[in-house]
Amino acid sequence: MNPEIRKLFPVTQNHIYLNHAAVCPISLPVAERMLEYTADLLNHGFVHYEMWGNRIKKVRQLAARLINASPDEIAFAPNTSSGLAFVANGIDWQAGDNMVTADCEFPANLIPWRRISREHGVEMRTAPERQGRLETEEILSLIDSRTRVVSLSFVEFASGFRNDLAIIGQYCRDRGVLFVVDAIQGLGALKLDVEACCIDALSADAHKFLLGPDGVALFYVSRQAMERIEPTVVGWTSVANPFDFNDQQPYAHSARRFEPGALNTAGIMGLGAAIELFLNLGLERIESYLLELGDYLSAQLTERGYKVISSRRPGEGSAMICCQHDRFSADNLCQILNEQHIITTPRVGRLRISPHLYNTREEIDRLIAALPV
């Protein structure tokens with residue numbers, strides 16, 4: 001990766017930061033874009049609201065380009081959890097329906113469905129993780145004529161396993177099943193095409209691999225799915241023309257119907273700057289670099305006696321590597337590294353290492369040298 005990119009991330013002066021699957025550091029362009037908005041608010045209040053409204057529209061366009069969607073299919077949510085809950089709560093469930101997910105999902109993609117299961121008599125079917133992997137065929141085998149939704153992560157949070165979204169999405173599309181994706185652990189590190197993968201809804205907060213601030217998420221819902229998901233948290237900006245101030249209006253004919261009120265404008269500006277960086281560099285280039293770096297890290301860990309949990313099979317690898325050691329706990333390993341300003345995190349008994357585009361092989365070598373054997 002271009003060394004100039006590294007200069008955009010001041011965190012590199014203080015740490016070897018390998019924890020983007022938890023919370024990312026932001027770049028100078030992201031910070032500057034957010035400060036530009038807050039400075040304008042400080043000095044001018046709401047005077048330039050039209051300008052910022054137009055900039056929000058531009059970020060919708062950028063987000064749409066990032067995932068190959070239309071701008072009217074993009075909304076901004078407070079976080080990943082909210083976007084997933086929009087879908088779970090917005091479906092007209094009937095007793096006897098079922099939904100399919102995996103037992104290794106992050107709670108944001110389990111808790112909303114468990115509530116639906118408990119309160120609406122919907123069966124929740126879960127495919128099991130085995131040795132850090134999910135079997136696509138096993139997921140598909142859980143789908144039947146009463147399946148309404150399949151909801152999975154792009155990349156699983158505790159293993160780094162990348163689901164085959166294209167195969168699963170097409171299978172769902174052919175059967176009229178809504179395909180929902182928690183994309184927070186992949187978007188920004190791996191390319192993703194919602195059209196090619198037949199994704200109906202997607203949610204991803206900016207504060208992980210998107211290299212943006214927290215408290216703002218990209219929420220996508222396809223035109224086809226929009227009429228099947230009723231907005232359940234609505235407000236004055238959910239309607240066709242908010243400034244008409246008529247409370248009898250229909251909902252907006254776009255994903256904006258899922259935005260009930262004032263947006264996190266500073267956060268959206270930061271997200272826009274982050275997306276511009278990805279689009280300028282190219283997601284294919286970023287993905288290639290991170291997969292190569294992950295393969296290098298995996299080989300070095302194995303050589304040092306660590307068990308790599310994360311699959312490195314073609315199509316299953318991601319920017320996240322999870323490992324274990326027979327004699328050292330994940331918490332212990334994380335603390336040892338943290339004392340040397342090498343930032344990782346423990347997850348479900350595994351040490352999780354998640355580099356991004358500005359990290360280098362030299363930093364990986366320093367991580368490996370710091371690990372006990």
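Taken together, the values in this text are just the output of simple stated rules run on the coordinates, not laboratory data. Everything numeric here is computed off the predicted structure, so don't read it as measured data. Virtual Cβ from ideal backbone geometry, glycine too; neighbours counted across all protein chains shown.
The HN-Hα couplings worked out from phi for the stretch 320-335 by the Karplus form 6.51 cos²θ - 1.76 cosθ + 1.60 (θ = phi - 60°) are 10, 10, 10, 9, 9, 10, 5, 10, 10, 6, 4, 4, 5, 4, 4, 5 Hz, whole numbers, x standing for Gly and Pro.
When both bridge partners sit in the stretch 38-191, DSSP labels roughly 10% of those beta bridges antiparallel. Defining a contact as two alpha carbons under 8 Å apart and six or more residues distant in sequence, what relative contact order in percent does the chain show? Contact order relative to length: 23 percent.
Taking 0.36 nm per residue of sequence separation and removing the Cα-Cα distance, the ALA299/ARG65 pair yields an extension gain of 80.8 nm.
Just how many % of Cα pairs in the chain lie over 31 Å apart, if you round to the nearest whole percent?
37 percent
Using Cβ point charges alone (K and R +1, D and E -1), the dipole size of the chain about the Cα centre works out to roughly 380 debye.
Residues in the stretch 165-176 carry Karplus couplings, in order, of 5, 5, 5, 5, x, 5, 4, 5, 4, 5, 10, x Hz; the curve used is 6.51 cos²θ - 1.76 cosθ + 1.60 with θ = phi - 60°, and Gly or Pro positions show x.
Using 0.36 nm per residue of separation minus the Cα-Cα distance, give me the extension gain between GLN170 and GLU32 in nm, one decimal.
45.6 nm
Each DSSP beta bridge with both residues in the chain is either parallel or antiparallel, and the antiparallel ones are about 50%. Computed from phi, the 3J(HN,Hα) profile of the stretch 270-285 under the Karplus parametrisation 6.51, -1.76, 1.60 (θ = phi - 60°) reads x, 4, x, 5, 5, 5, 4, 4, 5, 5, 5, 7, x, 5, 4, 5 Hz, with x in place of Gly and Pro.
Close amide-amide hydrogen proximity is noted between ASN19 and SER354, each under 5 Å apart and 5 or more residues distant or on a separate chain (H modeled in the peptide plane; Pro and chain starts excluded). Per residue of the chain, the DSSP helices (runs of n ≥ 4 H) give a summed -39500 (n - 2.57) that works out to -11500 deg cm²/dmol at 222 nm. Roughly what % of DSSP beta bridges within the stretch 134-234 run antiparallel, to the nearest 5? About 40 percent, rounded to the nearest 5.
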